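Engineer: To start, I am sharing the structure in question, which I have written as structure tokens.
The values are calculated or read from the model by the stated rules, or taken from the named source; none is laboratory data. Fair warning: this is a prediction, and the values are worked out from it, not measured in the lab. Glycine gets a Cβ as well: all are built from the backbone with ideal geometry, and neighbour counts include every protein chain shown.
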Amino acid sequence: MMNAMSKLRIQVVATVRSSIMLTILLLVALSSAARADGTAIVLDLEGALGVATAEYIIGGIEQAEEQGANVVIIRMDTPGGLVTPMRDIVQAILGSEVPVVTYVSPGGARADSAGTYILLASHIAAMAPTTHLGAATPVSLTGDGLSPGGDEEKEQEKEAPPAESTGEDAEDTAKDTESTEQENGSSTAMERKVLNDAISYIRGLAEAHGRNADWAEDAVRHAATLTATEALEQNVIDLIANDRSDLLEAINGREVQVNNKTFTIDTEAVVIETIEPSWRLKILNAIASPEIAILLLMVGLYGLMFEGYNPGAILPGVAGVICLLIAAYALQVLPVNYAGLALIIVGMILIIAEAFVPSFGALGLGGIIALIFGSIMMFDSGIPGFGISVTFVVSLAVAMGGILLWLVTYLVKFRRRGAVSGRERILGGTGVAMESFVGDGRVWLEGETWAARSQVPVEKDQTVSVNGIKGLVLDVEPIESAHSVNVQPET
């Protein structure tokens, strides 16, 4: 009996052990399968490319590396942006341990200017139908863009021989040419440096992935653009995909060079993980807007000025300092023309001065004009996505004009009203005799009892006019045609 029980116990233990081992093996197999499937990180690059956008894209690539993702997909629709953030994104793509696919989508999207550089830097460049790319000519921060073929046209103008010129005319022409070259030499040299640097940069990105470097140079030198179909035909991109599913299917099994190592992309059963910008990046991206920057600047300056005129108010000063610091961040990351910034500051000072030095609109009108031109000039850089809305400028001017009109109207009414207190208010005023008197007596005037003196008899409740003041005694005389006042004075 004991032997039978022992055998049964041994069989049960063996069965339990086998079940546990099978369960463990099944869990390991499922875990391995999950790891094999992997993930595809999706990042959205939409709108103008700025500092916050670059931080979001770079952070997404770093997160993909930490997770060991199979691929990073950057969905792009951008008009371009600033050079420094663009270069930061390109460096992050080139240094990534995970293959990066840039996909211009949806239909009608674009990869203009800085977007073209990012697209060419990616391990796989893809576009949706009806999208386009190009127009990668650099634009300076002063708003003077390099026009397509600008340098070649200048060279042709210099090399073209003048139409028949001899003797003194030839000497004059030579002097004029030399003078023009001296005046424009520095700007021309700077334009060439910027242009040649951009050409070398974009050619290097195209050649690194075996793409059409000649067209890439054309996109910089002549602001050339291509549709998705043309880009595929000219070997500028790798493929056209209708949607994300089509893209994942098309890139599955492709071999790319990632940090000089061959990498085979596996997207057969990947899990899609979309990374959204954090609330911090969303706030920074909203702040780095020309309209918001101007509003913050105005609120900050007004706050400090009101605090200066009303020491101890505290709230205007605190709000002004905070707004100015936030505006300083926005102006740091935005392409700003400082002449326009100076005009905005002068305009606000003139509008505030109207309230303290009434000029019946002259100072305020000048301030509004300075504010309008300053706002237009401040962000007139020509960089896509960083211009200021004309509607916003007009609305701002209308609002400031309305405030100015109210201020001038109020001042005119205030002046017409005359004195409301003091000696000027009492002289010529009318009161009511509180008693009958000749010589000294009392009258009711402006809600108070006054000592009065009259050279002629005054009857009680008779209306009197004030002709003069001696100390605190009023010189009065009765108004014969006046009627008694209904309001009885206090006794």
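Engineer: Filtering region 101-116 down to residues that are more than 19 Å from TYR201 (Cα to Cα) and not small (Gly, Ala, Ser), which residue is surrounded by the fewest Cβ atoms within 10 Å (Cβ to Cβ)?
Structural biologist: Filtering region 101-116 for residues that are more than 19 Å from TYR201 (Cα to Cα) and not small (Gly, Ala, Ser), the one surrounded by the fewest Cβ atoms within 10 Å (Cβ to Cβ) comes out as PRO106.
Engineer: Determine if region 271-281 includes at least one residue that is β-branched (Val, Ile, Thr), in a helix (DSSP H, G or I) and in contact (Cβ under 8 Å) with a residue 12 or more places away in the chain. Write out each step before concluding.
Structural biologist: Of region 271-281, the ones β-branched (Val, Ile, Thr) are 271-272, 274-275.
Applying the additional criterion that residues be in a helix (DSSP H, G or I) yields none.
No, region 271-281 has no match at all.
Engineer: Residue check, ALA189 against (1) outside any helix (DSSP H, G or I); (2) modelled with pLDDT under 90, all met but one. Which one?
Structural biologist: All conditions are met except number (1).
Engineer: Go through region 447-482 and give me each residue that's at pLDDT below 75 and either among the charged types (D, E, K, R) or closer than 12 Å to THR430 by Cα (or both).
Structural biologist: Residues satisfying the conditions are GLU480, ALA482.
Engineer: Mind telling me which of the residues ARG75, ARG87 ends up being assigned to a strand (DSSP E or B), surrounded by fewer than 24 Cβ atoms within 10 Å (Cβ to Cβ) and either at negative phi or not aliphatic (A, V, I, L, M) (or both)?
Structural biologist: Being assigned to a strand (DSSP E or B), surrounded by fewer than 24 Cβ atoms within 10 Å (Cβ to Cβ) and either at negative phi or not aliphatic (A, V, I, L, M) (or both) holds for just one of ARG75, ARG87, which is ARG75.
Conditions tested, residue by residue: (1) over 30 Å from SER105 (Cβ atoms); (2) among the aromatic types (Phe, Trp, Tyr); (3) surrounded by 18 or more Cβ atoms within 10 Å (Cβ to Cβ).
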{"residue": "GLY253", "(1), (2), (3)": "no, no, no"}
{"residue": "ASN259", "(1), (2), (3)": "no, no, no"}
{"residue": "PHE263", "(1), (2), (3)": "no, yes, no"}
{"residue": "LEU281", "(1), (2), (3)": "no, no, no"}
{"residue": "ASN285", "(1), (2), (3)": "no, no, yes"}
{"residue": "GLU291", "(1), (2), (3)": "no, no, no"}
{"residue": "LEU295", "(1), (2), (3)": "yes, no, no"}
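Engineer: Could you say whether any residue in region 193-211 is in a loop (DSSP other than H, G, I, E, B), more than 22 Å from ALA92 (Cβ to Cβ), modelled with pLDDT of 90 or more and assigned by TED's automatic domain parsing to the domain that holds ILE73? Step through it out loud before you land on a result.
Structural biologist: Here is the first cut: in region 193-211, the residues in a loop (DSSP other than H, G, I, E, B) are 209-211.
After this cut, where a residue has to be more than 22 Å from ALA92 (Cβ to Cβ) as well, the list is none.
So far as region 193-211 goes, no, none of its residues is in a loop (DSSP other than H, G, I, E, B), more than 22 Å from ALA92 (Cβ to Cβ), modelled with pLDDT of 90 or more and assigned by TED's automatic domain parsing to the domain that holds ILE73.
Engineer: Any chance region 104-122 includes a residue that's modelled with pLDDT under 50, in the same structural domain as ASP238 (by TED's automatic domain parsing) and closer than 23 Å to VAL83 by Cα? Don't jump to the end; show me each part of the working.
Structural biologist: Quick first cut of region 104-122, residues modelled with pLDDT under 50 only: none.
Checked against the condition, which is being modelled with pLDDT under 50, in the same structural domain as ASP238 (by TED's automatic domain parsing) and closer than 23 Å to VAL83 by Cα, region 104-122 yields no hits at all.
Engineer: Please state which of the following conditions THR267 fails to meet, knowing it meets all the rest: (1) over 33 Å from the mean Cα position of the chain (by Cα); (2) at pLDDT below 90; (3) exposed (fewer than 14 other Cβ atoms within 10 Å of the Cβ).
Structural biologist: Single failed check for THR267: (3).
Engineer: Now for a separate question. Within region 240-264, how many residues are within 38 Å of the chain's Cα centre (by Cα), assigned to a loop (DSSP other than H, G, I, E, B) and at negative phi?
Structural biologist: 3
Engineer: I would also like to ask the following. Right, GLY320: buried (at least 20 other Cβ atoms within 10 Å of the Cβ), at pLDDT 80 or above and more than 16 Å from the chain's Cα centre (by Cα) or not?
Structural biologist: On the way: buried (at least 20 other Cβ atoms within 10 Å of the Cβ): yes; at pLDDT 80 or above: yes; more than 16 Å from the chain's Cα centre (by Cα): yes.
Yes, satisfied.
Engineer: Just to be sure I understand the filter: pairs with C-beta atoms under 6 Å, separated by 6 or more residues or on different chains, first member in region 122-141 and touching a residue at least 40 places away in the same chain (Cβ under 8 Å), second member of a type in the set (Asp, Glu). Which pairs pass?
Structural biologist: Every condition considered, the pairs that remain are ILE124/ASP238; ALA125/ASP238; ALA135/ASP112.
Engineer: Within the bounds of region 216-236, is there any residue that is in a loop (DSSP other than H, G, I, E, B), surrounded by 21 or more Cβ atoms within 10 Å (Cβ to Cβ) and touching a Leu at 6+ places or on another chain (Cβ under 9 Å)? Even if it seems obvious, please write down each step before you answer.
Structural biologist: Kept after step one, since they are in a loop (DSSP other than H, G, I, E, B), are these residues of region 216-236: 222-224, 234-236.
Keeping just the survivors that are surrounded by 21 or more Cβ atoms within 10 Å (Cβ to Cβ) gives 236.
Then drop every residue that is not touching a Leu at 6+ places or on another chain (Cβ under 9 Å), which leaves 236.
Yes, that holds for at least one residue.
Engineer: I need a count of the residues in region 90-127 that are assigned to a strand (DSSP E or B) and either more than 27 Å from PRO335 (Cα to Cα) or under 25 Å from the mean Cα position of the chain (by Cα) (or both).
Structural biologist: Count: 11.
Engineer: Every residue in region 212-227 that is charged (D, E, K, R) and either over 16 Å from HIS132 (Cβ atoms) or not assigned by TED's automatic domain parsing to the domain that holds ILE240 (or both), please.
Structural biologist: Residues satisfying the conditions are ASP214, GLU217, ARG221.
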